[in-house]
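Engineer: Provided herewith is a single structure, encoded as structure tokens, for subsequent inquiry.
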Amino acid sequence: MSARWEGLRRVFRLPLGRRAVKDEVGAELRFHLEERIEELVASGLPRAEAEREARTRFGDLPRIGAEVERIDLRMVRRRSVAESFEALARDARYALRALRKSPGFTAIAILTLGLGIGANTAIFSAVNRVLLRPLDVPGLDRLFVVQQNAPGLKLMGGQLTPGQAEEFAARAEPFEVFAGVSGTSFNLTGAGEPERLGAAQTMGRFFELFSLTPAVGRFYHDEDSRNGNTRVAVLSNGFWHSWAGGDPAVVGRSIELNGQSYRVIGVLPASFRYRRSAQVFVPLEITPRMRQQGPWMITALGRLKPGITPEQLTARLDRVTAEWQADPQKAAPPELKWFLSGKSLISVQAGELQPILRVLMAAVALVLLIACANVANLQLVRAASRERELAVRAAMGAGKWPIMRQLIVENALIAAAGGGLGVGLGAVALRALHGMDPTQLPALNDLRLDPRVLAFAVGVTLLSVVLFGVAPTLRVARTNLHGVLREASRGPSGGPGKHRLLRLSVMGQVAVSLMLLLGAGLLIRSLARLLATDPGFKTSRVLTFRVTLPAGIFAQEAQKTAFFEQLTARLAAIPGVELAGAISDLPFGEGRNSSPFRIEGKPVAPGEPERHADMRFVQGDYFRTMGIPLLRGRSFGRDDRRGSPRVAVIDASLARQYFVSEDPVGQTVNQGPSATIVGVVGAVKHGDLGEPDKPTIYYPYGQAPWYSGLYLTLRTSLAPELVVARARAAVAELDPMLPLYEIRSMQDRVDQSLGARRLAMLVLTGFAALALLLALLGVYGVLSYSTSRRTHELGIRLALGAVPKDMIRMVLGNGLALAGAGIVVGLAGFLAAARLLSTILYGVTAHDPATIAAGAGLLAISAAVAAYLPARRAARVDPVRALREE
Amino acid sequence: MPAPAPAPAPDLDLLRGTLDLLLLKTLSWGPMHGLGVVRWIEDVTHQRLQIEEGALYPALHRLEERGWLEAEWGYTDKGRRAKYYQLTPAGRRQLAAEVTKWSRYSEAVRLVLTTDGAR
């Protein structure tokens, strides 16, 4: 019997294919029939009858055959699945054992990946939130903002006036829904302390734009306004909870805003994130005066009709620009080069963080690249030192595929662990990022690891497996196993070309580290330059806050003047307050007001750009409070009041620009009513330490009390926070219904303007340090590996008379050559990518030679240090032992 | 029940269960191909029990699928290629269990059939 079993296949080695199964079943049944027929023929039946008889006995052959095939196919499938699971489990067990045997390697690989993936997850979460999906709105990418621009005034991306928005609404064919919104704030009075509420006034179909469903009640529509129903309010979800405790019965309640009563008709859903600072939404009442000379206050936005492209929108806006320019009533002076443009809401929202996040994205990708390369290196080194083990396994009959699969499973385990660690680290990093919240950008407030980001992390992890798992595996698969065995038995010395991949990868790491180092270096220098920039005022010990008088109660200009005069006097009298003043638009505050002006007797020369200056109204001891120096003439005094001759103080920047050789004091400027210049003060930065000085004209508030809200500024002898309570009391003494808001120290305001840059610098510096560390680990690892592989060769050299110094020089030279090549490549890469950085740099160019020299130098020195350790080991090789080790 | 070929098909579950038992028992004597199993049963029962050949192969393959049989290609005495079935250890355990079950069943049936109605 045993002869029959020779060369038989085990059952689970059944061929897998459907056809093979069919063939086997066919052969089995055919054998049965033929054998039966022969048997019947042997018993005396004629052949034809025997065939018939056999078939009859068998029954429905095709049906039975098909049934058997079905059973077999099912079996084959199940067994192959079970088998691959078993194989996988076996591989995993083996891999775990192998990884446990080299805990150092395993820990470094997992940590490296974890750091790379963690940084990636965190930054990508931020980018996803800010750049890709700032608001949870269906079809967000179809929302576009219409902006007006006047390059002649250096004003780009401006809002529309109420009149323009109304007029454009009638021509907004590219949009299916069009609306306008304007940020404002109200004094909330009624129960409890008066409060300043962020608010939004809307026009058009604002709520429809975002496809919103009210959490409670309803939203207001155009009809409400037409029916004179303008005193209605929709609450934000957060405010609903803080003000009304989330009570649905809030609908129908009334709310006192600026002394006016509004009826609450609905609440926004919690998911609504546009205009986060707005707690209440009310319809905008456009008065004829606003329509005529309204400020640029309306953010006009719409949802593009299906099929309309952004280009078509631009074309439409160009036509409207041309139409409006042709209208003599509306035409802007040609030198303003005024025009309308459209911009996607996503990029408007991302704002100034956009270029910074792009840089961070690039940085994070580089870090991940380094991490993967580093793990690949570790793997290469390890694979090389395991060549012998693998060769033995191959010699014992393991095929190339099982060995490769084994290595892939090992990598997958490392990747899984690294990925898990990365997600954890990413969550921690996000929390840190959240805590920094540099610019109070709405989108950064509710950062979280979302499922998409997690999917991204998983993708990155898988990619890493492919990147660093397959490369070393391929090498092993290519290796001539017999050669390895022979070589291994002799004591190896890796050939020079053998570790090209390894050296290439280390070079790449050095290159990428250099790019990150240079980026971080440039950002650090930018920030240092910015911090060293004199804003033109003293930032320390200045407390600022805002008070706004509701229009209904302080209608008279005299009332406003009197109020702020009294207030500054009372504030100045607070113990711990040295000086007090007030201004309409505070530097590093929220708004600014800029308008054209004339100088009497100095007509604009042909070709000269329009004269434009920031316009500020000050009250009390503003200049001295802020530490803005008086350069010429005098400051404002008590006599510069209503009815006395109008005066102005200009800043040094305006004086430099328009009064080169003459004394500006005594000249007359006209920016509305004309005023005589009585003094010159130092120029200040208005909103960004990096901006050029902007000509500014100051007027006494008493002569032009147009603003109903002012920023109060107090110079304190104590820490600014300590006088807040007394300042609050001083305001309450004058009017208990008035809230103080935007209470911040001047230092805080300036710091905040640097927040985004500081964040970028911190993150990039962290990345650069991480990258440097990883690259040095790479250099160290490769050199120590190649040194240990060359012990034999080194022994021979020493035996032939080389001295240890030669050994050190050789290994060190090797390391520096690697680093040098990396530095050259990195420099080239950096110069190519520098454009990305240049938008967020200040005071240095992306090609700053000092930074580049410092970065390259640091890297070279670090590489030398990393190379020195293996070099010293090489020098200490004992030739006798090295040769005997054979 | 296995019956002479022309008889109407009896209860299929019973048939299959019984057929499985017969196949396992037959193969406990050693590896055989499908026709060998049929012949062996027919010989042992003196042709009294004729296996329905159509049901034989699905049954064999199902037993193989459940891991009670192992199949391998081999050669007959005449040198023809045939698929041989062999009991696995699991199949041997299953056979023991089935035999116990069957004995209890047939004993119960015998009791019913042989007890007179007087009780």
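The values are calculated or read from the model by the stated rules, or taken from the named source; none is laboratory data. Just so you know, these numbers come straight off a predicted model, no measurement behind them. A quick note on method: Cβ atoms are made from the backbone with ideal geometry, for glycine too, and the neighbour counts reach across all protein chains shown.
Engineer: Check B:T100, B:T76 and return the single one that is surrounded by fewer than 18 Cβ atoms within 10 Å (Cβ to Cβ) and either within 14 Å of the chain's Cα centre (by Cα) or away from chain A (no Cβ under 13 Å) (or both). Walk me through how you get there before you give the answer.
Structural biologist: Details: B:T76 fails: either within 14 Å of the chain's Cα centre (by Cα) or away from chain A (no Cβ under 13 Å) (or both).
Among B:T100, B:T76, only B:T100 is surrounded by fewer than 18 Cβ atoms within 10 Å (Cβ to Cβ) and either within 14 Å of the chain's Cα centre (by Cα) or away from chain A (no Cβ under 13 Å) (or both).
Engineer: Looking at segment A:537-577 only, could you name the residues that are acidic (D, E) and closer than 26 Å to A:L718 by Cβ?
Structural biologist: Selection gives A:E565 alone.
Engineer: Go through (1) at pLDDT 85 or above; (2) under 30 Å from A:L827 (Cα atoms); (3) surrounded by 22 or more Cβ atoms within 10 Å (Cβ to Cβ) and name the single condition A:L502 misses.
Structural biologist: (1)
Engineer: Please enumerate the residues belonging to segment A:260-284 that are of a type in the set (D, E, K, R) and in contact with a Leu (Cβ under 7 Å, 6 or more places away or on another chain). Walk me through how you get there before you give the answer.
Structural biologist: If we filter segment A:260-284 for residues that are of a type in the set (D, E, K, R), which is where we start, we get A:263, A:273, A:275-276.
A:R273, the sole residue that qualifies.
Engineer: Considering (1) outside any strand (DSSP E or B); (2) basic (K, R); (3) touching a residue at least 24 places away in the same chain (Cβ under 8 Å), say which one B:K101 fails and leave the rest.
Structural biologist: Single failed check for B:K101: (3).
Engineer: Assuming B:E107 fulfils every condition listed in (1) assigned to a helix (DSSP H, G or I); (2) facing another protein chain (nearest Cβ under 8 Å); (3) over 24 Å from A:A82 (Cα atoms) apart from one, which condition is it?
Structural biologist: (2)
Engineer: Quick check on my filter: what residues within segment A:265-291 are touching a Ser or Thr at 6+ places or on another chain (Cβ under 9 Å) and more than 24 Å from A:L135 (Cβ to Cβ)?
Structural biologist: A:E285, A:M290, A:R291 - these are the residues of segment A:265-291 that are touching a Ser or Thr at 6+ places or on another chain (Cβ under 9 Å) and more than 24 Å from A:L135 (Cβ to Cβ).
Engineer: A further question follows. Pairs only if they're at least six apart or on different chains, beta carbon under 7 angstrom, first in segment A:827-843 and farther than 15 Å from A:R358 by Cβ, second surrounded by fewer than 15 Cβ atoms within 10 Å (Cβ to Cβ); list them, first residue then second.
Structural biologist: These pairs meet every condition: A:L831/A:H847.
Engineer: Same structure, new question: Can you run down the residue pairs with Cβ atoms below 6 Å, 6 or more apart or on separate chains, where the first is in segment A:44-72 and free of Cβ contacts under 8 Å to residues at least 24 places away in the same chain and the partner is of a type outside the set (A, V, I, L, M, F, W, C)?
Structural biologist: Short answer, once both residue conditions are applied: A:A54/A:R36; A:R57/B:E53; A:G59/B:G54; A:E67/B:P58; A:I71/B:H61; A:I71/B:R62; A:I71/B:E65.
Engineer: Another one. Out of segment A:660-695, which residues are of a type in the set (A, V, I, L, M, F, W, C), assigned to a loop (DSSP other than H, G, I, E, B) and modelled with pLDDT of 90 or more?
Structural biologist: So in segment A:660-695, the residues of a type in the set (A, V, I, L, M, F, W, C) come out as A:660, A:665, A:669, A:675, A:677-678, A:680-681, A:683-684, A:689.
Among the residues that remain, those that are also assigned to a loop (DSSP other than H, G, I, E, B) are: A:660, A:665, A:683-684, A:689.
Hits for segment A:660-695 are A:V665, A:A683, A:V684.
Engineer: Let me ask something additional. Here are B:L56, B:L63: which of them is touching a Gly at 6+ places or on another chain (Cβ under 8 Å), part of a helix (DSSP H, G or I), within 28 Å of A:A66 (Cα to Cα) and free of Cβ contacts under 8 Å to residues at least 40 places away in the same chain? Lay out the reasoning, then the answer.
Structural biologist: Details: B:L63 fails: free of Cβ contacts under 8 Å to residues at least 40 places away in the same chain.
Selected residue: B:L56, the only one of B:L56, B:L63 that is touching a Gly at 6+ places or on another chain (Cβ under 8 Å), part of a helix (DSSP H, G or I), within 28 Å of A:A66 (Cα to Cα) and free of Cβ contacts under 8 Å to residues at least 40 places away in the same chain.
Engineer: Considering only residues that are over 17 Å from A:A732 (Cα atoms) and among the charged types (D, E, K, R), which ones fall in segment A:546-585?
Structural biologist: Once the filter is applied, which keeps residues that are over 17 Å from A:A732 (Cα atoms) and among the charged types (D, E, K, R), segment A:546-585 yields A:E557, A:E578, A:D585.
Engineer: Would you say A:R93 is surrounded by fewer than 16 Cβ atoms within 10 Å (Cβ to Cβ), of a type in the set (K, R) and within 14 Å of chain B (Cβ to nearest Cβ)? Steps first, answer last, please.
Structural biologist: On the way: surrounded by fewer than 16 Cβ atoms within 10 Å (Cβ to Cβ): yes; of a type in the set (K, R): yes; within 14 Å of chain B (Cβ to nearest Cβ): no.
Here the answer is no, as A:R93 does not meet what is asked.
Engineer: Among the residues of segment A:534-557 satisfying the criterion of being at pLDDT below 85 and among the hydrophobic types (A, V, I, L, M, F, W, C), which is surrounded by the most Cβ atoms within 10 Å (Cβ to Cβ)?
Structural biologist: Let us first name the residues in segment A:534-557 that are at pLDDT below 85, namely A:550-557.
Subset that is among the hydrophobic types (A, V, I, L, M, F, W, C): A:551, A:553-555.
On the way: A:A551: 12, A:I553: 14, A:F554: 19, A:A555: 11.
Filtering segment A:534-557 for residues that are at pLDDT below 85 and among the hydrophobic types (A, V, I, L, M, F, W, C), the one surrounded by the most Cβ atoms within 10 Å (Cβ to Cβ) comes out as A:F554.
Engineer: Output the residues belonging to segment A:577-618 that are surrounded by 12 or more Cβ atoms within 10 Å (Cβ to Cβ), at pLDDT below 90 and small (G, A, S).
Structural biologist: A:G589, A:G591, A:S594, A:S595, A:A613
Engineer: Continuing with this model, one more query. When segment B:79-93 is examined, which residues are found to be closer than 22 Å to A:V68 by Cα, out of contact with any strand residue (DSSP E or B) (no Cβ under 7 Å at 6 or more places or on another chain) and more than 12 Å from every other protein chain (Cβ to nearest Cβ)? Full working, then the answer.
Structural biologist: Taking segment B:79-93 and keeping what is closer than 22 Å to A:V68 by Cα, we get B:80-88, B:90-91.
Remaining after also requiring out of contact with any strand residue (DSSP E or B) (no Cβ under 7 Å at 6 or more places or on another chain): B:80, B:90.
Matches in segment B:79-93: B:A90 only.
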